[in-house]
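Encoded as structure tokens, the structure appears first; notes follow it.
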């Protein structure tokens, strides 16, 4: 799988929770993440235009699942796991 350009948002209520969306997508227009977890109701931009490689390891996050979620539902929720 090739690199994806994504925008990353961090939960304002739980600093270990993140939302990844395709670059340029406004997360406030997405209802799905909030339905699954109220921690995604308030987000702050973490990184814009991040070149995401599904084959890499990102702080214990499942990069392949994040990529699959973005390709299928246009967003991915994930949690930063301790090392």
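Figures for the structure shown
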| read-out | value |
| --- | --- |
| Residue list for the stretch 1-14, filter: over 13 Å from the mean Cα position of the chain (by Cα) and either free of Cβ contacts under 8 Å to residues at least 12 places away in the same chain or under 18 Å from residue 65 (Cα atoms) (or both) | 1, 2, 3 |
| Those residues of the stretch 15-51 which are touching a residue at least 40 places away in the same chain (Cβ under 8 Å) and in contact with a helix residue (DSSP H, G or I) (Cβ under 8 Å, 6 or more places away or on another chain), in sequence order | 17, 19, 20, 21, 22, 27, 32, 33 |
| Strands (runs of 3 or more DSSP E) fully within the stretch 4-77 counting 3 or more residues that are in contact with a strand residue (DSSP E or B) (Cβ under 8 Å, 6 or more places away or on another chain), at pLDDT below 95 and loosely packed, with under 12 Cβ neighbours inside 10 Å | none |
| Identity of the residue in the stretch 52-75, in contact (Cβ under 8 Å) with a residue 24 or more places away in the chain and touching a helix residue (DSSP H, G or I) at 6+ places or on another chain (Cβ under 9 Å), that ends up nearest to residue 18 (Cα to Cα) | 75 |
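The values are calculated or read from the model by the stated rules, or taken from the named source; none is laboratory data. On a predicted model such as this, the values are computed, not experimentally measured, just so you know. In this analysis, Cβ positions are derived from the backbone assuming ideal geometry, glycine residues included, and neighbour counts consider all displayed protein chains.
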